[in-house]
1. Name the residue from I30, L110, Y88 whose Cα lies farthest towards the positive end of the charge dipole of the stretch 1-113, charges +1 on Cβ of Lys and Arg and -1 on Cβ of Asp and Glu.
2. Excluding K18 itself, calculate the net charge of residues whose Cβ lies under 14 Å from the Cβ of K18, where each Lys or Arg counts +1 and each Asp or Glu counts -1.
3. Quick one: length gained pulling E38 to F21 fully straight, 0.36 nm per residue minus the C-alpha distance?
4. For S104 and H120, calculate 0.36 nm times their separation in residues minus their Cα-Cα distance, and state this gained length in nm to one decimal.
5. Subtracting the Cα-Cα distance from 0.36 nm times the residue separation, let me have the gained length for I14 to I142 in nm, one decimal.
6. Testing the spin-label approximation: label points 7 Å from Cα along Cα→Cβ at A61 and L128. State their distance in nm.
7. For the stretch 12-66, state which chymotrypsin sites (Phe, Trp or Tyr not before Pro) are in a DSSP loop and have at most 13 other beta carbons lying within 10 Å of their beta carbon.
Amino acid sequence: MIESPHKHFKLQRISLRKATFETAKDVETIEFDDQSFEVQTKRGYGWERLSSDVDGKLVEALKLEVGFGIRLFEPSQDETAGDGRTIYEIEAIYAVEFDIVDSSFEQDDLADFADRNGTHLVWPYWRLHVSQTLQAASLPQIAIPLLAPVHRRPTAAEVEHQARSDALKTD
């Protein structure tokens, strides 16, 4: 895990890259005070480490793409019919760009950093996007669930160390 990320990265910008919103054709006739709807969420991320030569000096950057989605749906009454009818679905992808000011960290730690920091930095923008989208569509607001905790992935070195420790215990 990258200790003290503020020492390694300088946030440059957060920007919306793609957004989609789709509703059921008859969304205007739906009674939303019924409790029969369910909410499904998703999130994902990717990252890319970039480097370039600027006036003879190596400049490094980290670009994250963080995506979120939320879907309101009416569950199917028939077990074999799948998820049921989607009422609306909102998705967005954000770009988060950092300058790398100190590259003294393990490459394996970047995925953990991207998931922890990228998703947390974008979360307020995502919540606002959902709220404004629903307001513009004249649809009732929904509570955006809290951001689920991120379970840190072990680094390659930690996995190797654990394997050696386990081998010593069984000998």
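No lab work stands behind these numbers, since they all come straight from the coordinates. No experiment lies behind these values; they were computed from the predicted model shown. Cβ coordinates were reconstructed from backbone atoms using ideal geometry, including for glycine residues, and neighbour counts include every protein chain displayed.
1. The one lying farthest along the dipole's positive direction is L110.
2. Numbers: positive: R17; negative: E22, E65, E89, E91.
Charge balance in the 14 Å sphere: -3.
3. Working: separation 17, 0.36 × 17 = 6.12 nm, distance 1.73 nm.
Length gained between E38 and F21: 4.4 nm.
4. On the way: separation 16, 0.36 × 16 = 5.76 nm, distance 2.28 nm.
Length difference between fully extended and current span is 3.5 nm.
5. Numbers: separation 128, 0.36 × 128 = 46.08 nm, distance 2.43 nm.
Extra length available between I14 and I142 comes to 43.7 nm.
6. 2.2
7. Numbers: sites: F21, F32, F37, Y45, W47; in loops: F32, F37.
Here the chymotrypsin sites (Phe, Trp or Tyr not before Pro) that fit, given the DSSP loop and packing criteria, are F32.
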